[in-house]
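The structure under discussion appears below in the form of structure tokens.
The values are calculated or read from the model by the stated rules, or taken from the named source; none is laboratory data. Values in this document were obtained by computation on a predicted structure and should not be read as measured data. Cβ placement follows ideal geometry from the backbone for every residue including glycine, while neighbour counts extend to all protein chains displayed. We work out accessible area using only protein heavy atoms, side chains counted, and drop any ligands, DNA or RNA first. Shrake-Rupley method; radii C 1.70, N 1.55, O 1.52, S 1.80 Å.
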Amino acid sequence: MNKFIVGNWKMNGSLSFVDAFLDSIEEQNVAIAIPQVFLAYAYSRNPKFKLVAQNCSIYDKFGAHTGEISADILVGLGCQYVIIGHSERRHMFEEDNISNILKKLNNVISNNMTAILCVDERYEKLINRETLEFIKDNIHNVILAYEPLSAIGTGKTPSISEISNILNLLKQKYFSVNILYGGSVNSKNARDILSISSLDGVLVGGASLKLGEFKEIIVASKDLIA
Ligand code: PEP
């Protein structure tokens, strides 16, 4: 498959933007993390589009957890991937508890979805022995997203050789798991970043909110095979 392009709208968007997006993107190597409330609508518009949730609850199945959304509910809305441990959630909502992250990973996998586990430079701390075992046992259903803190939303990316070195390290350490790079990817740097041979794709925040820009990133992934 072509290198994987995952957009993350964060807390942005509208139903009309979902429409515009689905009307103009058909590529199979693209997935989009939209606010959870839009998932059912997007699925009803195009059940083939790869939908990503930006988070899920530590609680599984159904129950008295007001305001929470379980992996079981997400899969019923047509969701195929769930982002776990995004750095904004780790910071804003103190979601650095490794056992909570592990619970979420378990909930995602037990619902036959794929987890996109975000880590930054502190990956050795964020991935403990149990998480490591989990990744090993679910290697085809976990994607690592390496997002250096200095690059998220800043417009600054590490050099290609810096990204490449860290990816090689991560691949060695984490059983050749599929890895996305995230952090200020845009239409100008996408081709160079996506050309890194050990990279399987990119996680795109801000630039996924500009349709033209995002489409250029998709074009940059043409003929690059993961
Ligand atoms: C992100 O939030 O995952 C991200 C990569 O954001 P941006 O592309 O805006 O840096």
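Would you mind finding the one in Gly153, Gly201, Gly206, Gly183 that is within 15 Å of the ligand (Cβ to nearest atom), within 22 Å of Val82 (Cβ to Cβ), under 16 Å from the mean Cα position of the chain (by Cα) and modelled with pLDDT under 95?
Working: Gly201 fails: modelled with pLDDT under 95; Gly206 fails: modelled with pLDDT under 95; Gly183 fails: modelled with pLDDT under 95.
So the residue among Gly153, Gly201, Gly206, Gly183 that is within 15 Å of the ligand (Cβ to nearest atom), within 22 Å of Val82 (Cβ to Cβ), under 16 Å from the mean Cα position of the chain (by Cα) and modelled with pLDDT under 95 is Gly153.
Pairs under 6 Å by beta carbon, first residue free of Cβ contacts under 8 Å to residues at least 40 places away in the same chain and within 22 Å of Ile179 (Cα to Cα) in region 77-102, partner within 13 Å of the ligand (Cβ to nearest atom) and assigned to a helix (DSSP H, G or I), six or more apart or different chains?
Listed pairs, sorted by first residue: Glu95/Arg89; Asp96/Arg90.
May I ask you to list the residues in region 9-65 that are of a type in the set (Phe, Trp, Tyr), farther than 20 Å from Glu88 by Cβ and buried (at least 19 other Cβ atoms within 10 Å of the Cβ)?
Selection gives Phe21, Phe49.
Out of region 94-119, which residues are of a type in the set (Ser, Thr, Tyr) and either surrounded by fewer than 18 Cβ atoms within 10 Å (Cβ to Cβ) or within 16 Å of the ligand (Cβ to nearest atom) (or both)?
The answer is Ser99, Ser110.
As an exercise: evaluate His91 against (1) within 16 Å of the ligand (Cβ to nearest atom); (2) in contact with an Asp or Glu (Cβ under 9 Å, 6 or more places away or on another chain); (3) in a helix (DSSP H, G or I); (4) not acidic (Asp, Glu) and give the number of the one condition it does not meet.
(2)
Take the residues of region 129-172 that are touching a helix residue (DSSP H, G or I) at 6+ places or on another chain (Cβ under 8 Å) and open to solvent by 50 Å² or more (accessible area, probe 1.4 Å): which is nearest to Ser195 (Cα to Cα)?
This residue is Ile160.
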